[in-house]
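All remarks here apply to the structure that follows.
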Amino acid sequence: AQSVTQPDIHITVSEGASLELRCNYSYGATPYLFWYVQSPGQGLQLLLKYFSGDTLVQGIKGFEAEFKRSQSSFNLRKPSVHWSDAAEYFCAVGAQGTYKYIFGTGTRLKVLA
Amino acid sequence: GAVVSQHPSRVICKSGTSVKIECRSLDFQATTMFWYRQFPKQSLMLMATSNEGSKATYEQGVEKDKFLINHASLTLSTLTVTSAHPEDSSFYICSAKGLATHNEQFFGPGTRLTVL
């Protein structure tokens, strides 16, 4: 069965600092991988996705993620965080065939001015 | 990109009443729609998957008689919370997938349900 782990429940960084949010997955085949961001009371916004090909994926808002098959990881990175990046971040794995998504528990990002 | 809408965005109802939430794909045909539930400060949990013209498939632990899902057309799915109780209060999010979206689901903005 597929599963997603986001080890960090909360992360606090200073504005301008770099950011890395961790995501580890369990899936028997090559997964479809996604990162979403959610502001309080809002829906999900897709930051980036990986289906195949280049393992370094560029997304919106300056985010990128790297798929590492050997580590079953898909960590999200940003070189310089802005105060507006404060939100909840979810990693998700999509299953081939059923297209069901399993979401991680989320990481809440706080940005200090 | 593909757009999915939900209506209403917020609903408050009395305990014991039923509430219907609509999910529409605005610019593509949604062969599959998914319904998620999100409790405050928690992740999204898949409730059910519906394919157009077929009965919905519910995840383990989700009461199908409580959460009625209808996917009668390629652009509309509805979730009806029957005999709602305060513990049903939650954020409900739908998503849709079609041939045009390939491997990706597109998410609606969510519906906040509060049961008094």
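The values are calculated or read from the model by the stated rules, or taken from the named source; none is laboratory data. These figures come from a predicted structure and were not determined experimentally. As a convention, Cβ positions derive from the backbone with ideal geometry for all residues, glycine included, and neighbour counts pool all protein chains shown.
A few points about this structure:
- Selection count where residues are outside any loop (DSSP other than H, G, I, E, B), within 11 Å of B:Phe28 (Cβ to Cβ), within 17 Å of the chain's Cα centre (by Cα) and not aromatic (Phe, Trp, Tyr), scope the range B:86-116: 2
Yes/no per residue for (1) at pLDDT below 95; (2) over 10 Å from the mean Cα position of the chain (by Cα); (3) not acidic (Asp, Glu):
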{"residue": "A:Gly62", "(1), (2), (3)": "no, yes, yes"}
{"residue": "A:Pro79", "(1), (2), (3)": "no, yes, yes"}
{"residue": "A:Trp83", "(1), (2), (3)": "no, yes, yes"}
{"residue": "A:Ala95", "(1), (2), (3)": "yes, yes, yes"}
{"residue": "A:Thr98", "(1), (2), (3)": "yes, yes, yes"}
{"residue": "A:Ile102", "(1), (2), (3)": "yes, yes, yes"}
{"residue": "A:Gly106", "(1), (2), (3)": "no, no, yes"}
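- All conditions in (1) in a strand (DSSP E or B); (2) within 14 Å of chain A (Cβ to nearest Cβ) hold for B:Thr80, with the sole exception of (2).
- Subset tally (residues that are within 11 Å of the chain's Cα centre (by Cα) and crowded, with 16+ Cβ neighbours inside 10 Å) for the range B:6-21: 2
- Filtered by the rule that a residue be among the β-branched types (Val, Ile, Thr) and more than 14 Å from A:Cys23 (Cα to Cα), the range A:67-113 gives A:Val81, A:Thr98, A:Val111.
- Residue count for the range B:25-44 under the criterion of being crowded, with 17+ Cβ neighbours inside 10 Å, of a type outside the set (Gly, Ala, Ser), within 11 Å of chain A (Cβ to nearest Cβ) and in contact with a Phe, Trp or Tyr (Cβ under 9 Å, 6 or more places away or on another chain): the result is 5.
- The strands (runs of 3 or more DSSP E) located wholly in the range A:3-110 that include 2 or more residues which are within 12 Å of chain B (Cβ to nearest Cβ) and under 30 Å from B:Pro8 (Cα atoms) occupy A:32-38, A:44-50, A:87-94, A:101-103.
- Output for the range A:52-72, where each listed residue is within 23 Å of B:His102 (Cα to Cα) and either hydroxyl-bearing (Ser, Thr, Tyr) or in contact with a Gly (Cβ under 9 Å, 6 or more places away or on another chain) (or both): A:Ser52, A:Thr55, A:Ala65
- When the test is whether a residue is within 15 Å of the chain's Cα centre (by Cα) and surrounded by fewer than 13 Cβ atoms within 10 Å (Cβ to Cβ), A:Pro40 does not pass it.
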